[in-house]
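First the structure, in the form of structure tokens, and then the observations on it.
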């Protein structure tokens, strides 16, 4: 074998080796790519979030941020305040004061669920202080709000209901108005789908389908089970 044949043979070997390396790298890249996509955040996982600070406290479950966004806390409902007419439902001002104590001056982390906006354009969020305090749950735990189930934003449902039950057991805030052993002449009509309970003579309650209807002996039972009062026929907290 002459020198030219040796050079040609070595060149062919180098080319084959280079082709094998390129093919191996391509296969590795194709296998790795799907694993990267699996880590992208999603609303369902509750991973999307942002940081902000409150500029104004509207009531016990709503704040306005320095960037102008109105933020409605997911999963809870506090007594309303009518700022225009300077009126408030029972404990409405107290709930607002507690909300202010919890968030004023704190850096807040907003975590989102499946729906990020409500029909009024407000941002829907789970709100956490920079020290880790879960504001939505704390308002429930102190008795200044009750659980408000609203599908599809239900990823923290169990945590929020547990916080409410702590307040109920200890008779805090709004729960001073609810008697655990109160005997109703007529049971409330609960809707398994919407998680609302209605007075027995409420027209909306009477329209609940048989498969979704549940009987609740009193308000305590409804709240303990994660239901909220239907505004069409129940005033809560009572005047």
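For residues that are crowded, with 16+ Cβ neighbours inside 10 Å and more than 20 Å from residue 52 (Cβ to Cβ), tally how many sit in segment 115-135.
0
Suppose we filter 184, 164 for residues that are modelled with pLDDT under 95 and either crowded, with 20+ Cβ neighbours inside 10 Å or assigned to a loop (DSSP other than H, G, I, E, B) (or both); which single one remains? First the steps, then the outcome.
Values: 164 fails: modelled with pLDDT under 95.
Exactly one of 184, 164 is modelled with pLDDT under 95 and either crowded, with 20+ Cβ neighbours inside 10 Å or assigned to a loop (DSSP other than H, G, I, E, B) (or both), namely 184.
Is at least one residue of segment 189-209 closer than 18 Å to residue 139 by Cα and surrounded by 14 or more Cβ atoms within 10 Å (Cβ to Cβ)?
Taking segment 189-209 and keeping what is closer than 18 Å to residue 139 by Cα, we get none.
The answer is no, given that none of the residues of segment 189-209 is closer than 18 Å to residue 139 by Cα and surrounded by 14 or more Cβ atoms within 10 Å (Cβ to Cβ).
Among the residues of segment 90-104 satisfying the criterion of being in contact with a helix residue (DSSP H, G or I) (Cβ under 9 Å, 6 or more places away or on another chain) and over 17 Å from residue 176 (Cβ atoms), which is surrounded by the most Cβ atoms within 10 Å (Cβ to Cβ)?
99
Any residue in segment 217-228 that's more than 11 Å from residue 146 (Cα to Cα): show its pairings with residues that are in a loop (DSSP other than H, G, I, E, B) and at pLDDT 95 or above at Cβ separation under 6 Å, as long as the two are six or more apart or on different chains.
Hits for this filter: 217/187.
Which of the residues spanning segment 132-160 are without any contact (Cβ under 8 Å) to a residue 12 or more places away in the chain and farther than 23 Å from residue 178 by Cα? Write out each step before concluding.
Residues of segment 132-160 that are without any contact (Cβ under 8 Å) to a residue 12 or more places away in the chain, as a first pass: 132, 151, 158.
If the condition is that a residue be without any contact (Cβ under 8 Å) to a residue 12 or more places away in the chain and farther than 23 Å from residue 178 by Cα, then 132, 151 are the ones that fit.
Is segment 145-159 home to any residue that is closer than 22 Å to residue 105 by Cβ and part of a loop (DSSP other than H, G, I, E, B)?
Yes.
For segment 178-191, how many residues are more than 14 Å from residue 224 (Cα to Cα) and under 26 Å from the mean Cα position of the chain (by Cα)?
Summing the residues that are more than 14 Å from residue 224 (Cα to Cα) and under 26 Å from the mean Cα position of the chain (by Cα) in segment 178-191 gives 2.
The values are calculated or read from the model by the stated rules, or taken from the named source; none is laboratory data. Not measured: the values here are computed from a predicted model. Quick reminder, even Gly has a Cβ in these numbers, built from the backbone with ideal geometry, and neighbours come from all protein chains shown.
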